[in-house]
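Asks: Structure incoming, see below.
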Amino acid sequence: MIFLFLLSVNVFAQKTIIDSATNKEPIAVGELGAASSLNVKGGKSNFGYSAAVEITPIEDWLELELGVTPTFGSHLRETDVDFLFKKPWTFSPKLEFMLGAGVAWAHTNDHNVITNTANGEIALDFMFWPSVKHQFGWYLEPAFDYGFNQEHEQSVGISAGLLIAIP
């Protein structure tokens, strides 16, 4: 009985090592895409791009995302830098969903009036991977920002683009 137990543990360990070597997860995932936002109170819209990097410190429990989004509108330039904590759910090998919350910093130049604002942010992140290897994919990320300044600005935004695995 002990021999069979030790043999089965050894076979299971070897299979786990082989599986982890063939299905190696990336160190990080890069996101590069288009972005748009709309100020809920003021009605001003911006368009630009978004770049972010995600890492997974705790598999299936926590992902961290650091991103930057410069957007441009009529007499308006804004750069947002955000840091989000995300809880991932894997629906299939090709579809993932994450709910994220965190902080953001916004640097805004509106008609040559410059403001810096701390914000809270909530984001939904849909990730589509065409292959099981997760080398390239697509993402769609709607978000809501709430400003901690005196005006308590609120904005909704969306970004979409390419996912690139960083081995």
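Asks: Picking from V40, V103, which residue would you name as being open to solvent by 50 Å² or more (accessible area, probe 1.4 Å), at pLDDT below 95 and of a type in the set (A, V, I, L, M, F, W, C)?
Replies: V40
Asks: Which condition from (1) modelled with pLDDT of 95 or more; (2) of a type in the set (D, E, K, R); (3) out of contact with any Pro (no Cβ under 6 Å at 6 or more places or on another chain) is the one that E63 breaks?
Replies: (3)
Yes or no, residue by residue, for (1) closer than 16 Å to A165 by Cβ; (2) open to solvent by 30 Å² or more (accessible area, probe 1.4 Å):
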position	(1), (2)
K44	no, yes
I58	no, yes
W61	no, yes
P93	yes, yes
L99	no, yes
T117	no, no
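Asks: Something else now. When segment 127-167 is examined, which residues are found to be open to solvent by less than 70 Å² (accessible area, probe 1.4 Å), aromatic (F, W, Y) and outside any loop (DSSP other than H, G, I, E, B)?
Replies: Y139
Asks: Sort through L124, L66 and tell me the only one that's open to solvent by 80 Å² or more (accessible area, probe 1.4 Å) and either within 17 Å of the chain's Cα centre (by Cα) or under 17 Å from G33 (Cα atoms) (or both).
Replies: Just one listed residue meets the conditions, L66.
The values are calculated or read from the model by the stated rules, or taken from the named source; none is laboratory data. Predicted model only: the values in this text are computed from it and were never measured. Using ideal geometry, Cβ is built from the backbone for each residue, glycine included, and neighbour counts are taken over all protein chains shown. Areas reflect the complete protein model, heavy atoms only, side chains present, ligands, DNA and RNA absent. Shrake-Rupley method; radii C 1.70, N 1.55, O 1.52, S 1.80 Å.
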